[in-house]
1. With Cβ to Cβ distances under 10 Å as the rule, what net charge do the other residues near R47 carry (K, R +1; D, E -1)?
2. Taking the Cβ of P35 as the centre, find all other residues whose Cβ is under 13 Å away and add up their charges (Lys, Arg: +1; Asp, Glu: -1).
Amino acid sequence: MAAPHVTGVAALLAAQDPTRDWRAIKNLILAGGDPDPDLSATISGKRLDAFSSLTCTIRRSVPGFHQPLTSFLALLEFLSS
């Protein structure tokens, strides 16, 4: 019964930064997860961690990119443009 919890964290991430698209939200949820050996059979192998997802950011600046990077996917999209 993880869907309601994941949906709630997704809503919090969207409210925290309305410019995030679904890819950035998905990446933050997955990156912020807590690895759990008991969940190795799942897609992520992680337990949902709302706090880590909400505080997961890349703080370094990238030349030509004037906003904090909120996910690895944002960095990849920036570098490929």
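1. -3
2. With Lys, Arg at +1 and Asp, Glu at -1, the net is -2.
We did not get these values from a lab; they are worked out from the coordinates using the rules stated. Just so it is clear, the model here is predicted, and its values are computed rather than measured. When we count neighbours, we look across all protein chains shown, and the Cβ atoms used for this are built from the backbone with ideal geometry, even at glycine.
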